[in-house]
Amino acid sequence: DVKVTQSSRYLVKRTGEKVFLECVQDMDHENMFWYRQDPGLGLRLIYFSYDVKMKEKGDIPEGYSVSREKKERFSLILESASTNQTSMYLCASRPLTGGGQPQHFGDGTRLSIL
Amino acid sequence: AQSVSQHNHHVILSEAASLELGCNYSYGGTVNLFWYVQYPGQHLQLLLKYFSGDPLVKGIKGFEAEFIKSKFSFNLRKPSVQWSDTAEYFCAVNWDTDKLIFGTGTRLQVFP
């Protein structure tokens, strides 16, 4: 079974802090994704990566950056956290072999910015 | 723009009732279609997927979905729901790229 591990289930930070969310997958997947999940809005893609050191902006990249130094790890960075970034953050991974492959999700990190 | 619509935001059913959740996407071309489920406190799990072949797809836990290309739809069905089906359900579409576009989700509550 694919295992996608997010470093924290719950995180509380203060406005203006730099926040790091970590995600690790154990299946050698090329593609990795960061989403945020908000009630009534579903999942919205922040950034994704299809290879080490490669990244693409998703639909809502503003206020976020990412890092992929190793294939198994994909980090989401909030450069200067703001209260409107309070949300559930989901990481996912998928092999490169075509669009029909499903994404596998981590348990999520519920981030609160005070 | 590519988009996915789930028309039912909140559905309440009694056990043994039949379920149908709607999902429509914005335009055609080659599509891959998914339904995911998120049980309370758990991660998103794949229920079923379609990318070619028989448009009637069977998934886990007795769920099925039918791809109707002419209607741009991929509705999820289950003949008889159980209390354990209480969850949030997400439809997602991939237009042969790396990106998945998700619908806004449907919250299903099943009462015994």
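Legend: mean number of C-beta atoms from other chains within 10 angstrom of residue C-beta atoms, peptide B:36-42, equals 2. Computing FRET efficiency as 1/(1 + (r/R0)^6) for A:Tyr10 and B:His7, where r is the C-beta to C-beta distance and R0 is 22 Å, gives about 0.10. Here the Kirkwood formula puts the hydrodynamic radius of segment A:1-45 at 13.0 Å, using every distinct Cα pair.
Taking label positions 7 Å along the Cα-Cβ direction at both A:Glu62 and B:Ala16, the computed distance is 5.3 nm, reported to one decimal. Straight-line cross-link reach from B:Lys99 at under 26 Å between alpha-carbon atoms covers these lysines, not counting any fewer than eight positions away in the same chain: A:Lys3, A:Lys53, A:Lys55, A:Lys57, A:Lys70, A:Lys71, B:Lys49, B:Lys58, B:Lys69, B:Lys71.
Short to long, the 5 Å bins of the Cα pair-distance histogram for segment B:4-111 hold 3, 13, 25, 26, 19, 9, 4, 1 percent of all pairs.
For segment B:4-111, what is the relative contact order in percent, using Cα pairs closer than 8 Å and at least 6 residues apart in sequence?
On the way: 263 pairs, mean separation 41.6, N = 108.
Result for segment B:4-111 is 38 percent.
A Förster radius of 25 Å, combined with the Cβ-Cβ distance separating A:Asp1 from A:Glu72, puts the computed FRET efficiency at roughly 0.95.
Between B:Ser52 and A:Thr86, the simple label model (points 7 Å from Cα in the Cβ direction) yields a spacing of 4.8 nm. Rg and Dmax, both from the Cα atoms of the protein assembly as shown and both in Å, are 17.5, 52. Using the Cβ of A:Val24 as centre and a radius below 11 Å, the other residues enclosed give a net charge of +1, where K and R count +1 and D and E count -1. Charge tally for B:Gly105 (other residues, Cβ to Cβ under 12 Å; Lys, Arg +1; Asp, Glu -1): 0. Could you check how many percent of all C-alpha pairs in segment A:26-114 are farther apart than 23 Å? The share of Cα pairs beyond 23 Å in segment A:26-114 comes to 19 percent. On the basis of the beta-carbon distance and an R0 of 30 Å, B:Trp83 and A:Met27 show a calculated FRET efficiency of 0.35.
Read-outs throughout are calculated quantities, based only on the coordinates presented, and are distinct from any laboratory measurement. Since the model is a prediction, treat every value here as computed from it, not as a measurement. Virtual Cβ from ideal backbone geometry, glycine too; neighbours counted across all protein chains shown.
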